[in-house]
Amino acid sequence: MSPGSICRVVGRTALNPLLAAAVLIGTVHAPAAAQTGTVTGTVRSATNGQPIPGAQVAIPELNVGILANNVGRYLLNNVPAGTHTVEVQYIGYSAVSAEVTVTAGQAAVQDFDLRSEAISLEGVVVTGTAGAARRREIGNSISQLNEDAFQGAPVSNVADILQGRALGTQVLNNGGQVGAGSTIKLRGNNSVSFSNSPLVYVDGVRIRERGLVHSTEANQQTNPFDDINPADIERVEVIKGAAATTLYGTEAAGGVIQIFTKRGVAGAPAWSLTVDQGLNTLGHIGPAADVNPTGLGMNNCNFTGDGNFAGGDPQFPADPSCPASGTWLKDGYIQTYNLSVRGGAERMNYFMSARWGAEEGVFDTGIDANGVARPTQGQESWNLRGNFSFAPAEDIDVRFNTFYSHRDVTWVPDGNNAEGLLLNVFRGGSDYTNDEDGKLLDMGVTNINDHFTSGINIIWNPTDNMNHRINTGIDWVRHTYFEERPWGYFYVQNGDRETNESTFRKLTLDYAGSWAQNLFGVASQFSFGGQLYNDFVTGTLGFGRDFAGPGAKVLQSGAITQASETNSTVTSGGFFVQEQLGLGDRMFLTLGVRVDGHSAFGRDFGLETYPKASFSYVVSDEDFFPADFGTLKLRGAFGESGKAPGLFDATRTWASVAGDNGRPGVTPDNLGNPDLGPERTREWEVGFEGTTLNDRIAFEYQYFDQNTFDALIRVTQLPSGGFVGTQLENVGQVTNSGHEAFINATLVASNSIGWDLGLRLSTARSRVVDLGGLESINLGWRNYVRAPVECTTEMANGANFDGNGFVGMGCTPGETVHFPLPAFCHDRVQNPDEVAAPRYAEQCLGPTTPTHTYGLSTTLTLGQRLTFDAVGEGMGGHWLSSGTAYQNTRRRVWPLCRSTFDALAAGQRDQLTARERALCDPSVVRYGMWTQPADFFKLRSASVSYRVPETWLPNTIRAATVRLQGRNLMTFTDFEGVDPEAFEDGSAEVLFRQEYYNLPPIRSFLLSVQVDF
Amino acid sequence: MKTNRTSRTRALFLGALVAAFASTGCDESIFEVKNPGRILDDDLNTSRGVGSLVTGMSADFSASYDDLSFTTARLSDEVVGSGSYFSTGRYRRGLFDSEDSNGFWAGVQRARWVAEAGLIRMRDIEGFQFDGNAETARAYLFAGLANRWFGENFCQTVFSEPYSDESPGPGGETDTGDAMERDAAFRRAIPLLEAAVRNGNSSGQSDVATAAQGGLAQVYLGLGDMQNAVANASKVPTDFVFAAAYSSNSGRETSQIWNETHGRHEISAWMTLAGTVGAGDPRTPWTDCSDPSSGCPSGNGADGQTIHYRQEKYPTRDDDIPLVKGTEMRLIEAEAALMAGDLATAMAKVNEMRARHGLDPLESDGTIGTITGGDGGGANMTSMSGWDILDRERHLTLWLEGRRLWDLHRWNHPHLDGGGVVYEATVARRASCMPIALDECQVNEKVSSLCFSV
């Protein structure tokens, strides 16, 4: 078997492992000579010692091979006596080989340890390609995270897998309440009016990618993304821009994340049980410079001293509703139990798993007025998965994947909310509760998620050069949200209740086919296909208020009830054709086009067409290339994709309202635009990737440039014309560009020590080019989308600015100054050093979204048993408003302003500088003064794993691993608010950001034991 | 057998493939949007829908008028901002620029346009008897009162469609999109309100006709035409009230003023004229929440520092905001009398109004005087001159009804010169009207240079 043929086996088995297994398992009989022996052993990960089921083991010179079974074991029968080279390959790992001497009638034992490989040009990816494709054929960048990369890490959901590991991916932890979703962006922002979140697929089925119902009390929301059991995941592929996502069409400009779950492998049932026990904790809360042990009243609510505040401080007096522990914070208990089994036979195999987990947050919610313990913030969840594969014919592979999860989340009122716990505790006596903040916790805020995803993948290879693939499936999420203020609640004395039940259903039908042939020495692969997505959302919101008395409630317990309903269906679909030409298996040119229709397009718009083109050149395969360098691929890609407008944006409509005490009425809703089409993002990227120093260093770099034109802007209609709403129009333009690079080095690779170090850096700088005549769009909280302006002399000279980061600083009069998408524009003091009252002028300070993300990861393995793993990540270039600092300053309870408060109390206002007053004088403080650069570096995770020697284990146990893990362990920042990642609205699909009294991300510690049997 | 089974499997697979795409790829309706609940524009052109159109006019009026009342109360120091809204920090200092104006400009323009354009639609609806119809009368009333609201609170007016040279409005006006002085809104209101009077009377809707009569008195006052103002005011009984409707039926119908004071604690009467006069005045009732027996959830406002004197003029979500009142008519008559130098008539009208509220009559010091202002929430608390009495009585009578800012402006009130309650104004001259909105300037080239920021 030549290296090329091995590659084809690898590719084929990645696409169709069952088919390969059917061919290979038990069929290694040649040559049928009497003088033969066997070769057997186990294939494991060099990183953590875990077996690698499905690894391809082959002796090329004999043209024989086999797949490792479900516990990583392999057996090659009838191997002629003599010395042979046994090669082992698996996607995502470096190939290894060993010389094995076979003695007739005996078994030669050879184990293999495969090292995870960041880049393998022979690795197969399927996301963004018409079918499966080898990495060497692809012209765009793609991040592929294999199980080995996160298996030992403290991963509680998919976002944790991506964070700090996937190049060009930003995962922001918005808050610390257990169950809250993260914000995920690929290559920053490129859309003004729509979500910049990526599409998400699981085993070929598109799932709801956005958060569910946003709680206006908890100011957080769950994300269906997080329902997926991370222990079920085999790998994740991420493609980031329009150049890569063209084949996904109208809704894919924000990128695509595809999750592949584990599959069965032939063999007896192989069980794996993992038990996690741990705790969530927070420690001191508040700005880093605050040394007061009260932690703004959260760490100590029975505080009676004056701490470190000069002159004493009554701001955080003892709260009579403070929990018995004396603090609003506690260590929350985490427990998770995961059981899985995989196995199968020649033509059918399976993977099944079940998980149950309960995780407490860090709030000590105390007891209510009746002495009953209040519910604890946290979540309880369980998941079930069954993945089954069977081969009804030699050339057909059918996979059935189904998943169900249930999650109960209990929230604490939080964030920008008059009834939020932190808002009232942080404000000391200047709050809504008369400083009895425990009353707030009598409000119940909960939600229940039920999530079901099921799909069928059918792969048919009727001939060696033709294949067809169908993915069809359903993603169904039911989200039920409850919010209740009990009868007698201090803020709404008669109580009220809200119930919001929503169902989100996505249907996927996806076909792709390809036909390969040789055209005059050029390898041709013609691909074609089509997709259809149907998105159905229904929801019922009920509200009841004014209860007659205490007790458990339903909506109709209220004297007054209200209801509303949401019910919509949108369908999108399209088809594509693509031609890939390959020359010498080293140069590849791909051309394609996709044509889309969408429910939300205007009636006069028609269909939309998106082109793509890419090339890749494996220059290291050329004779002139230094043979000892390694591999190097040059690549470039161009493509377009889009974002569709909303449901009725193209149509003039009126909405039903009530007036005159409940009589039916109508009000203008949407003006309508029959020419409305999608906004289009055109992107090109160029880069290279490869390995060197015997594959010990892997590297990747690309530059991308995105241009979103026909951008959908909510253009205000002429208010004096009466139709005062906004109307989406294809009038804007936004650009976004950046660099992405990573290098992964294997510093030490021996039998006793393995040490890998990874560095990654990505930038994304967006700028607004055109707003279709609008000058400015206020997204809220002074987050603006601003049209370009001409640089004035004042801007150039900085006369009106203090030089503290204005976007246009240094501009030349007359040139065009662009603003990022979006930008903080706030009032800032103009005479900071003057001993006088502050003078203010608006300055645009900088972007609200990080412009650069960098990561550092390392893995150290000792004796192939003890593994240390750490991931650090930094983000920066952006600004963040601390609403907490501003509002607390207004109430004279912000610790960083203590000296100014004292000076004011002493009647020394006239001795303060304008800057001191602008920051800390409650009578003149401005929000903009507490809008600051929010650069940070966080130690996202660290873990130590120990694989227990097999000799210590009873025979019934194959392997056991013990892990000690920590998450969100350290933060380094100069930001003076509560946390540079905190966002008051959680994972809400909005562009603006602001920190406003929401619980910052918390710290977790886990002890995990995995037993395989 | 194996070969046959494999062939059948392949055939089955192929069949499924073809069927799946045939069923989805050839039907145009597959891209149809399905979202019940929206009403298409053409569907409103029916006589059965007129009631919903006119109720929609009332609903759009109410939906924005409470916001205007809440905000102008802060801007004119009728109340003190006691909350955490970013805007409160600006308004209580007298700052108000074109961006601040966006929502209020949109609100009044929608209320005006919905009524005016609705009238055009109603006239053309087949089978609908336009003239002499009660719904027609109400539509004219809302159109007129929306223009009164516009003229009283905005520094300038702008009208774009729907009236053109070919299809002029009820008063023969055309809409050009140019900026005009605020009087244009008052003038525009006159024919609309006159039509409301006519149609109200002919359809037996006397309350609509009386409200329109009061509206005419208000707009003539705005134009400085005191003769016509008094003539129309005299037709409105002292106990008459026509109000914007609010209800707990739905969130949109709920009064924002109630929500900002009872639901939240964003404004307080503390240190204002109403707070100084005392809670006992039936026109300005409030509760001292710092009194532990008050039953308030908190003694202070949302800023944690300002004592919460919670207004009780609108103690429930359902309380309507008066738009036309007979008591105001008496004060218009009093003002006309003062302008004519007739102090006795003025005091008689003031006391007629006070009697309606069960208040003792006031006795002037015998001078007409001028409005002097002071530290009683902007009013002179001790002066008993005719104008200072009128200043206080209008303030208290029209409290939280969205009218005080207009009085400050038209009287060039001394409080505008840097006055403040609790917090000092940071500008020499407080904003006394809402400018053209930034949203208008961004899309209307004719006014693009008229917006500003402070």
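Given the protein assembly as shown, what percent of its DSSP beta bridges are antiparallel, to the nearest 5? Please report the intermediate quantities before stating the final value.
On the way: 389 of 401 bridges.
Beta bridges within the protein assembly as shown, antiparallel portion: roughly 95 percent.
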**Fill in**
The ³J(HN,Hα) series, computed from each phi in segment A:606-623 with the Karplus coefficients 6.51, -1.76 and 1.60 at θ = phi - 60°, rounded to the nearest Hz and given as x for glycine or proline, is x, 9, 10, 10, 10, x, 8, 7, 7, 9, 9, 9, 7, 5, 5, 7, 6, 5
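Counting protein heavy atoms only and a 1.4 angstrom probe, how many square angstrom of accessible surface do chains B and A bury in total, to the nearest 100? Kindly include the intermediate steps, with their values, before the conclusion.
Working: alone 19840 and 37750 Å², together 50650 Å².
That pair of chains buries around 6900 Å² in total.
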**Message:** List the lysines whose Cα sits under 21 Å from the Cα of residue B:446, skipping any in the same chain fewer than 8 residues away.
**Reply:** none
**Prompt:** Under a straight-distance cross-link criterion of Cα-Cα below 16 Å, which aspartates and glutamates are reachable from residue A:633, leaving out those fewer than 8 residues away in the same chain?
**Reply:** A:117, A:122, A:137, A:585, A:621, A:622, A:623, A:685, A:689, A:695, A:700, A:740
**Over chain A: helical MRE at 222 nm, DSSP H runs n ≥ 4 each giving -39500 (n - 2.57), nearest 500** = -1500 deg cm²/dmol
**Request:** Starting from the exponent 0.38 and prefactor 2.2 Å, build the expected Rg for the protein assembly as shown from its residue count and divide its actual Cα Rg by it.
**Result:** 1.02
**Asked** Using just the C-alpha positions of segment B:342-454 as equal point scatterers, what log10 of I(q)/I(0) does the Debye formula give at each q in 0.10, 0.20 1/Å?
**Response** -0.41, -1.08
**Options A:169, A:202, A:233, ranked by Cα towards positive dipole end of segment A:128-263, top entry (Cβ charges)** = A:169
**Asked** Which one of B:98, B:64, A:78 has its Cα pushed farthest toward the positive end of the charge dipole of the protein assembly as shown, where Lys and Arg give +1 and Asp and Glu give -1 at the Cβ?
**Response** A:78
**Request:** Taking the Cα centre of the protein assembly as shown as origin, work out the dipole magnitude from +1 charges on Lys and Arg Cβ and -1 charges on Asp and Glu Cβ, in debye rounded to 20.
**Result:** 3520 debye
**Fill in**
Using alpha-carbon coordinates alone, the radius of gyration and Dmax of chain B in Å work out to 27.0, 119
**Asked** Which whole-angstrom value gives the distance between the alpha carbon centres of segment B:370-443 and segment A:320-349?
**Response** 61 Å
**Request:** Round to a whole angstrom and tell me the spacing of the C-alpha centers of segment A:110-162 and segment B:151-210.
**Result:** 69 Å
**Prompt:** Just by accessible area at a 1.4 angstrom probe, what is the order of A:970, A:466 from largest to smallest?
**Reply:** A:970, A:466
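Hey, could you grab the Kirkwood Rh for segment A:393-487? Inverse mean 1/r over distinct alpha carbon pairs, Å, one decimal.
On the way: mean 1/r = 0.0565 Å⁻¹.
Evaluated on segment A:393-487, it is 17.7 Å.
If eta is 1.306 mPa s and T is 10 °C, what Stokes-Einstein diffusion coefficient results for segment B:180-237, Kirkwood Rh from Cα pairs, in µm²/s? The partial results should precede the final answer.
Numbers: Rh = 11.2 Å.
Translational diffusion coefficient: 142 µm²/s.
With a probe of 1.4 Å, find how much accessible area chain B has per residue, and write the answer as a whole number in Å².
On the way: 16360 Å² over 454 residues.
On a per-residue basis, chain B sits at 36 Å².
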**Complete:** For segment A:128-263, the percent of accessible surface on carbon and sulfur atoms (probe 1.4 angstrom, ligands and nucleic acids excluded) is 40 percent
**Message:** On a straight-distance basis, which lysines could pair with residue B:349 in a cross-link, Cα separation under 17 angstrom, same-chain partners fewer than 8 positions away excluded?
**Reply:** B:235, B:325
**Prompt:** Taking a probe of 1.4 angstrom, what is the accessible area of residue A:651 in Å², to the nearest 10?
**Reply:** 50 Å²
**Message:** Among the listed pairs A:262/A:612; A:185/A:330; A:506/A:553; A:262/A:506, which have their C-alpha atoms separated by more than 27 angstrom in this model?
**Reply:** A:262/A:612; A:185/A:330; A:506/A:553
**Request:** Please determine, in degrees from 0 to 90 and to the nearest 10, the orientation of helix B:134-153 with respect to the longest principal axis defined by the Cα atoms of chain B, where the helix direction is its Cα long axis.
**Result:** 60 degrees
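Add -39500 (n - 2.57) for each DSSP H run of 4 or more in chain B, then divide by its residues: what number comes out at 222 nm, to the nearest 500 deg cm²/dmol?
Numbers: 14 runs with 203 residues, N = 454.
The per-residue figure over chain B is -14500 deg cm²/dmol.
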**Request:** Compute the accessible area per residue over segment A:506-610, keeping the other protein chains in place, probe 1.4 Å, unit Å².
**Result:** 45 Å²
**Fill in**
If each part is reduced to its alpha-carbon centroid, segment A:410-477 and segment A:956-1004 end up apart, in Å, by 16 Å
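For segment A:128-263, report the % of Cα-Cα distances exceeding 22 Å. Working shown, then result.
Values: 3282 of 9180 pairs.
Tail of the P(r) past 22 Å holds 36 percent of the pairs.
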**Fill in**
With DSSP loop assignment and no more than 14 other C-beta atoms within 10 Å, the GluC sites (Glu not before Pro) in segment B:90-132 are B:126
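The values are calculated or read from the model by the stated rules, or taken from the named source; none is laboratory data. Since the model is a prediction, treat every value here as computed from it, not as a measurement. Glycine gets a Cβ as well: all are built from the backbone with ideal geometry, and neighbour counts include every protein chain shown. Surface accessibility is based on the protein's heavy atoms, side chains included, excluding ligands, DNA and RNA. Shrake-Rupley method; radii C 1.70, N 1.55, O 1.52, S 1.80 Å.
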